[in-house]
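To start, the structure under review is shown below, and the notes come after it.
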Amino acid sequence: MSIQRIGVLTSGGDAPGMNAAVRSVVRTAISRGIEVMGVYRGYHGLIRDEVEPLELRSVADIIHRGGTMLYTARSESFRLEEGVRKGVDICTKHGIEGLVCIGGDGTFRGAQDLCRHGIPCIGIPATIDNDISCCQHTIGFDTALNTCVEMIDKLRDTAQSHDRVSLVEVMGRRSGELALGVGLAVGATAILVPEMKFDLVAIIDRIKAISATGKKHFIIVVAEGVGGTVEMAEKIQAATGAEARATILGHVQRGGSPTAFDRKMASEMGHHAVELLIAGKSNRVVASQDDMIRDYDIEQALSMRKPFPSDQYDIAKELSI
Ligand code: F6P
């Protein structure tokens with residue numbers, strides 16, 4: 001018998017575009033005659049039975065909003081077998097025959113657990129970190145990239161006015177993808193990412209050499225996976241004599257209206273996720289690859305390794321002279 005009712009949740013760190021994905025899931029399902037239950041606050045809310053029906057109009061006017069109308073959380077209890085069983089019971093209680101889980105790798109592990117207990121789940125990658133290997137772009141990455149660039153353009157004004165070195169730490173967890181994209185887009189003098197070794201002394205020497213050619217302000221982008229941004233600013237100041245300031249951009253990177261790119265991709269991914277559930281598929285992650293929407297087995301998706309775009313890193317380095 002065809003599927004009658006599905007659920008949708010967002011979990012982990014929020015990402016701009018999650019709302020567009022939720023809207024797409026709800027509208028696709030309803031247009032195919034399937035009811036949708038919204039699960040609030042991710043797996044944390046699932047085990048607390050925070051489940052409400054979503055109608056066509058429940059998702060009106062959200063496509064352009066950051067954050068997530070379903071709220072989100074990171075659940076410790078859901079990591080335990082008891083938590084997963086509770087989640088299954090709640091799904092059964094509400095007649096949820098399939099669940100779309102929007103988030104990052106932790107969200108997909110939760111989805112895998114539910115699948116093992118007989119609840120078909122489809123994951124949609126949404127995280128500003130862009131650290132889901134099967135996916136070229138995760139929902140939220142493009143928006144965060146643009147937010148960081150906007151912020152750093154402002155920092156550049158003040159760095160230039162004071163002849164300063166501005167070290168800017170961006171998010172990304174263990175991934176340097178956001179830092180790399182941002183660094184290339186703002187023309188950073190150096191980009192420090194966990195994937196590539198760097199030598200602070202060599203960076204200091206470069207600042208001195210470039211200073212001698214007349215440039216007096218510098219932007220250095222540091223991935224949070226490298227860290228130590230404040231200490232590095234102190235060392236650079238001591239070694240170069242130039243004033244250095246550290247800025248940790250923080251959670252501002254996760255907010256704001258999603259870009260057209262993120263809204264469009266989220267709409268396509270939400271649509272694809274519902275089609276997978278209708279086709280009787282389970283345990284899959286939707287992914288974007290070369291402008292195509294594809295899907296992978298969750299286990300396979302989690303074990304894949306994405307090569308770091310070192311060509312972009314090399315270009316950024318060559319241009320920062
Ligand atoms: O995964 C998204 C992310 O913003 C990471 O870049 C960052 O390390 C982490 O979440 C921050 O988490 P929290 O919102 O719990 O501080």
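The values are calculated or read from the model by the stated rules, or taken from the named source; none is laboratory data. For clarity, every value in this text was computed on a predicted model and none was experimentally measured. Here Cβ is always computed from backbone atoms with ideal geometry, including for glycine, and neighbour counts include all displayed protein chains. Ligands, DNA and RNA are stripped out before the accessible areas are found, and what is left, the full protein with its side chains, is counted by its heavy atoms. Shrake-Rupley method; radii C 1.70, N 1.55, O 1.52, S 1.80 Å.
Of note:
- Enumeration of residues in the stretch 142-190 that are within 16 Å of the ligand (Cβ to nearest atom) and open to solvent by 10 Å² or more (accessible area, probe 1.4 Å): Asp142, Leu145, Asn146, Thr147, Met151, Glu169, Met171, Arg173, Arg174, Ser175, Glu177, Gly181
- For the stretch 119-141, residues that are open to solvent by 30 Å² or more (accessible area, probe 1.4 Å) and among the acidic types (Asp, Glu) total 1.
- Output for the stretch 264-296, where each listed residue is farther than 17 Å from Ala111 by Cβ and touching a Pro at 6+ places or on another chain (Cβ under 9 Å): Ala266, Ser288
- Exactly one residue among Gly67, Gly83, Gly33 is under 18 Å from the mean Cα position of the chain (by Cα) and not polar (S, T, N, Q), and that residue is Gly67.
- Selected residue [within 15 Å of His44 (Cα to Cα), at pLDDT 95 or above and within 16 Å of the ligand (Cβ to nearest atom)] from Ile90, Ile102: Ile102
- The stretch 242-265, residues that are over 24 Å from Ser161 (Cβ atoms) and either among the β-branched types (Val, Ile, Thr) or away from the ligand (no atom under 16 Å from the Cβ) (or both): Ser257, Thr259, Ala260, Phe261, Arg263, Lys264, Met265
- From the options Phe308, Phe261, residue that is within 26 Å of Thr147 (Cβ to Cβ), open to solvent by 70 Å² or more (accessible area, probe 1.4 Å) and within 19 Å of the chain's Cα centre (by Cα): Phe261
- Considering Val193, Val226, Val252, Val230, the condition of being open to solvent by less than 10 Å² (accessible area, probe 1.4 Å) and under 22 Å from Cys148 (Cβ atoms) is satisfied by Val193 alone.
- Every test in (1) open to solvent by 90 Å² or more (accessible area, probe 1.4 Å); (2) touching a Ser or Thr at 6+ places or on another chain (Cβ under 8 Å) is passed by Leu80 save one, and that test is (2).
- Taken over the stretch 1-20, the residue count meeting the criterion of being closer than 19 Å to Gly45 by Cα, open to solvent by less than 20 Å² (accessible area, probe 1.4 Å) and within 16 Å of the ligand (Cβ to nearest atom) is 6.
- Count of the stretch 255-299 residues, restricted to those that are closer than 18 Å to Asn130 by Cα and of a type in the set (A, V, I, L, M), is 10.
- Pick from the stretch 41-59, criterion free of Cβ contacts under 8 Å to residues at least 24 places away in the same chain and within 18 Å of Met18 (Cβ to Cβ), ranking: most open to solvent (accessible area, probe 1.4 Å): Glu52
- So Ala29, is it hydrophobic (A, V, I, L, M, F, W, C) and either within 16 Å of the ligand (Cβ to nearest atom) or free of Cβ contacts under 8 Å to residues at least 40 places away in the same chain (or both): no
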